[in-house]
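Enquirer: Structure provided below as structure tokens; questions to follow.
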Number of protein chains: 2
Amino acid sequence: MPTSPADPERLRAELARVAAALQDELCAAIERLDGAARFTTDRWERPGGGGGVSRVLQDGAVVEKAGVNVSDVHGALPARPGVDGGTFGAAGLSIVVHPRSPLVPTAHANVRFVARGGAGGFGGGADLTPCYLFDEDCAEFHRALKDLCERHVPGRHAALKRAADAYFYLPHRGEHRGIGGIFFEDLDVAPERGLALAAELPRTFLAAWLAIVERRARLPFGEAERRWQEIRRGRYVEFNLVHDRGTRFGLETGGRIESILMSLPPRVRFPYDARPAPGSREAALLDVLRAPRDWA
Amino acid sequence: MPTSPADPERLRAELARVAAALQDELCAAIERLDGAARFTTDRWERPGGGGGVSRVLQDGAVVEKAGVNVSDVHGALPARPGVDGGTFGAAGLSIVVHPRSPLVPTAHANVRFVARGGAGGFGGGADLTPCYLFDEDCAEFHRALKDLCERHVPGRHAALKRAADAYFYLPHRGEHRGIGGIFFEDLDVAPERGLALAAELPRTFLAAWLAIVERRARLPFGEAERRWQEIRRGRYVEFNLVHDRGTRFGLETGGRIESILMSLPPRVRFPYDARPAPGSREAALLDVLRAPRDWA
């Protein structure tokens, strides 16, 4: 993207300010939804430079685990044999919500500005990971993201949606992690557009998810649905630890480990070779995870 | 190791035969211990060459999940940019047992012969992952492995023990996965010695673990111990998905996914920033995981 040499520092600082304000807003909204549990706050410093604030809510009435993390870090990248790692700076916000009910989807979004050397770009995205499929929910979520894209990066939604499908994919399972959303790295738009998109994305994302919660959180479920949820959460763990670039970047650059891994689901099962019965609601989810749809 | 060009094929075939016989023996011993659940058997073929037999026991009285896997696979290694991947062949057995009781350690061992091009070598190891520390159990387990080493690779135990401590380590946690054992790759001994060690290791390992089960499986435990066990199992997941070379090799070379990931624990928790109380039994375990001891 066409950032001038002077831009990266300013854009990182601006996104860091936006992220801090959004963190308060998102946590307040999730606390209002839950009504029972509250966020804890951990401020941390990265030994190599920078730091962040991790806010986590656990064991709530509606939300089993949620994390809203902001960070603004900088330093040296790990060197590889024969290659100087160079320096980096990254500011951003990430949010993940693991609801208690298997009928409410796990939700994740993040926005970041990453600078390497004298250049930098905006990255981020939002995606939904349901255990049970409600077409209405999927369509509404994707439409909200499409509207967001049309406002800030007109004509680009389809490409960002495809990028999410490509990114949130487990090749060893032949499955996507969820029903996708949008995803972008080093977005090639004017910096002010990138900043505006990054500032609005988390709010749009949370509003879309809250509308889903409103419809699904009070539906009854039993042990079978809960079991399926814990199995699907196993796939979430597989994706985050094996593939997710943010997680692996964090592990390699030595960020605060509890903040990096706060996205992992609270309770998980890894049974051997569990397969849903043909024709079941669980099998219907797998069909969509194996062949993403255009929901918007 | 000094294998002649004709050796690798023969050694792989011999270890494959040994592994198949050991699989029956180990599964029978675990079924006798458990008394309730039985192993299932899945035979699979690897599209690129070879195959294996996965045997899994779940939801037993003593054993929550156990897998005993044999495989004999061969084919092309993934190419990297500018580098032809070459060919490989690998035969071996791996066993992992996740007990129900938090007072019984998770146990893992594997033996393998891996050939690349015209050369090859034996690899493997055995290690113990307790959630609660019983010095007697740790010492007995390590002494059994030391005796095994003295019989087959005299004078080498200390190096193999250190290799296990180095291998089963989570740098992002500053913790070892468990209390170690032995670990080796491309063992530089005469092929017949390597084969003899590989043939005896799984049997010695299981006998040592069964002696521990005998002492601990009937001890009472409650929800607090179970919770700690599920948290520690989260570290097991982190190690296997982020670091374990066998798992990552399997994911990259496209083996049967359920066999590769059968080692994952059945039920797991990932709470945010869980820390045991100072002076507790849980904290005592962490002390040892942060500074391995010489148990033998």
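Enquirer: Would segment A:165-175 turn up any residue that is open to solvent by less than 60 Å² (accessible area, probe 1.4 Å), under 20 Å from A:F205 (Cβ atoms) and not aromatic (F, W, Y)?
Expert: yes
Enquirer: For segment A:78-103, enumerate the residues that are surrounded by fewer than 16 Cβ atoms within 10 Å (Cβ to Cβ) and within 18 Å of A:E9 (Cβ to Cβ).
Expert: Restricting attention to segment A:78-103, the residues satisfying the condition of being surrounded by fewer than 16 Cβ atoms within 10 Å (Cβ to Cβ) are A:78-87.
A:G86, A:T87, listed by residue number.
Enquirer: Now for a separate question. Between A:Y272, A:Y236, which is more than 9 Å from chain B (Cβ to nearest Cβ) and of a type in the set (S, T, Y)?
Expert: Unique residue meeting the criteria: A:Y236.
Enquirer: Among the listed residues A:A90, A:A107, A:A76, A:A119, which satisfies the condition of being modelled with pLDDT of 95 or more and small (G, A, S)? Walk me through how you get there before you give the answer.
Expert: On the way: A:A90 fails: modelled with pLDDT of 95 or more; A:A76 fails: modelled with pLDDT of 95 or more; A:A119 fails: modelled with pLDDT of 95 or more.
Of the residues listed, the single one that is modelled with pLDDT of 95 or more and small (G, A, S) is A:A107.
Enquirer: Among the residues of segment A:132-148, count how many are open to solvent by 10 Å² or more (accessible area, probe 1.4 Å), assigned to a helix (DSSP H, G or I) and not charged (D, E, K, R).
Expert: Residues in segment A:132-148 being open to solvent by 10 Å² or more (accessible area, probe 1.4 Å), assigned to a helix (DSSP H, G or I) and not charged (D, E, K, R): 2 in total.
Enquirer: Also, quick follow-up: Name the residues in segment A:104-119 that are in a strand (DSSP E or B) and open to solvent by 20 Å² or more (accessible area, probe 1.4 Å), would you?
Expert: Result: A:H108, A:N110, A:R112, A:V114, A:R116, A:A119.
Enquirer: Looking at B:T253, B:T204, which one is within 22 Å of B:G120 (Cβ to Cβ) and of a type in the set (S, T, Y)?
Expert: Checking each option against the conditions leaves just B:T253.
Enquirer: Further question: Out of the residues in segment A:21-66 meeting the condition of being touching a Pro at 6+ places or on another chain (Cβ under 9 Å) and open to solvent by 40 Å² or more (accessible area, probe 1.4 Å), tell me which one is farthest from the other protein chains (Cβ to nearest Cβ).
Expert: Of everything passing the filter in segment A:21-66, A:E25 is farthest from the other protein chains (Cβ to nearest Cβ).
Enquirer: Going by what's in this entry, would A:P47 be described as farther than 30 Å from A:L128 by Cβ and part of a loop (DSSP other than H, G, I, E, B)?
Expert: In short, yes.
Enquirer: Can you pull out every residue in segment B:200-223 that is open to solvent by 30 Å² or more (accessible area, probe 1.4 Å), touching a residue at least 40 places away in the same chain (Cβ under 8 Å) and either within 14 Å of the chain's Cα centre (by Cα) or farther than 14 Å from B:L33 by Cβ (or both)?
Expert: Within segment B:200-223, B:E200, B:R203, B:L219, B:F221 qualify.
Enquirer: Would you be able to tell me the number of residues in segment B:100-153 that are of a type in the set (V, I, T) and out of contact with any strand residue (DSSP E or B) (no Cβ under 8 Å at 6 or more places or on another chain)?
Expert: Of all residues in segment B:100-153, those of a type in the set (V, I, T) come to B:104, B:106, B:111, B:114, B:129, B:153.
Cutting the leftovers down to out of contact with any strand residue (DSSP E or B) (no Cβ under 8 Å at 6 or more places or on another chain) gives us B:104, B:153.
The number of residues fulfilling the criteria is 2.
Enquirer: If you don't mind, another one. If I filter segment B:201-223 down to residues being part of a helix (DSSP H, G or I) and out of contact with any helix residue (DSSP H, G or I) (no Cβ under 8 Å at 6 or more places or on another chain), which single residue comes out as nearest to B:N110 (Cα to Cα)?
Expert: B:E214
Enquirer: Of all residues in segment A:238-278, how many are in contact with a helix residue (DSSP H, G or I) (Cβ under 6 Å, 6 or more places away or on another chain) and part of a helix (DSSP H, G or I)?
Expert: 7
Enquirer: Okay, next question. Quick one: B:I182 ticks every box in (1) buried (at least 20 other Cβ atoms within 10 Å of the Cβ); (2) without any contact (Cβ under 8 Å) to a residue 60 or more places away in the chain; (3) in a loop (DSSP other than H, G, I, E, B) except a single one, so which number is it?
Expert: (3)
Enquirer: Have a look at B:A291, B:A283 and point out the one that is more than 10 Å from chain A (Cβ to nearest Cβ), surrounded by fewer than 21 Cβ atoms within 10 Å (Cβ to Cβ) and under 14 Å from B:G178 (Cβ atoms). Steps first, please.
Expert: Values: B:A283 fails: under 14 Å from B:G178 (Cβ atoms).
From the options B:A291, B:A283, the qualifying one is B:A291.
Enquirer: Of all residues being open to solvent by 50 Å² or more (accessible area, probe 1.4 Å) and at pLDDT below 90 in segment A:5-20, which is nearest to the chain's Cα centre (by Cα)? Just the residue, please.
Expert: Only one residue tops the list, namely A:E9.
Enquirer: Determine whether B:G255 is more than 8 Å from chain A (Cβ to nearest Cβ), open to solvent by 30 Å² or more (accessible area, probe 1.4 Å), closer than 17 Å to B:N110 by Cα and small (G, A, S).
Expert: Working: more than 8 Å from chain A (Cβ to nearest Cβ): yes; open to solvent by 30 Å² or more (accessible area, probe 1.4 Å): no; closer than 17 Å to B:N110 by Cα: yes; small (G, A, S): yes.
Answer is no for this residue.
The values are calculated or read from the model by the stated rules, or taken from the named source; none is laboratory data. Since the model is a prediction, treat every value here as computed from it, not as a measurement. Every residue, glycine among them, receives a Cβ derived from its backbone with ideal geometry; neighbour counts consider all protein chains shown. Protein only, heavy atoms only, side chains kept; ligands, DNA and RNA dropped before computing areas. Shrake-Rupley method; radii C 1.70, N 1.55, O 1.52, S 1.80 Å.
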